[in-house]
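Here's the structure, in structure tokens; my notes come after.
Computed from the coordinates by the stated procedures, all read-outs in this text should not be read as laboratory data. As the structure is a prediction and not an experimental result, all values here were calculated from the model. Quick reminder, even Gly has a Cβ in these numbers, built from the backbone with ideal geometry, and neighbours come from all protein chains shown.
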Amino acid sequence: MVSYDCVFCKIILGEILSEFIYESELFFAIRDINPIALTHILIIPKIHINYLELIHEFPSFDFNEMYAVALEIASKENILNSGYRLVINQKEDSGQEVEHLHLHLIGGNKLKDIG
Ligand code: AMP
Ligand code: ZN
């Protein structure tokens, strides 16, 4: 369930110290170390899932819950009404750096148009 080469698994195991701004049985959230907006939070499942296409191998994983966590944090960060972006990067063309599924919650200021 954990990968020893993975920075997020190392955070889960306590090998890399990080402040959890949210934690439940299945998820935790931290502030991105290299934020691209005033609010930049990562919502991370506690199980090591590399890629979205492998999600069927993890029946305990629940997208609804991950997005519910993001909304709860967006509310606490006071960006629910001003606006935010939810992003999942996948593989090379997206610039994915950490191969452990995570949802970026980005907001707090006007974001660059992506389309
Ligand atoms: P991605 O490019 O979607 O894989 O995003 C990975 C994100 O994790 C990047 O935005 C990094 O800045 C962030 N990151 C990497 N290591 C840490 C860490 N130890 N604590 C917080 N954020 C991190
Ligand atoms: Zn991992």
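Using Cα-only point scatterers and the Debye equation, what is log10 of I(q)/I(0) for the chain at each q in 0.12 Å⁻¹, rounded to two decimals? So the normalised log intensities are -0.41. The residue list His48, Phe61, Ala37 was ranked by how far each Cα lies along the charge dipole of the stretch 7-107 toward its positive end, using unit charges on Cβ atoms, and Ala37 comes out on top.
Compared with the dominant principal axis of the Cα atoms in the chain, helix 63-76 is inclined by about 40°.
Among the lysines of the chain, pairs at least eight places apart or on separate chains and with Cα atoms under 22 Å apart come to 6. Taking amide H positions as modeled 1.01 Å from N, with prolines and chain starts lacking one, the residues under 5 Å from Phe27 and 5 or more places away or on another chain are Lys46. Name the residue farthest towards the positive end of the dipole of the chain from the options His102, Val7, Ile79, assuming +1 on Cβ of Lys and Arg, -1 on Cβ of Asp and Glu, about the Cα centre. Among His102, Val7, Ile79, the one farthest towards the positive end of the dipole of the chain is Ile79. Rounded to the nearest 20, the Cβ-based charge dipole of the chain about its Cα centre (Lys and Arg +1, Asp and Glu -1) stands at 420 debye. Based on DSSP H segments of at least four residues, each scored -39500 (n - 2.57), the chain has a per-residue ellipticity at 222 nm of -5000 deg cm²/dmol.
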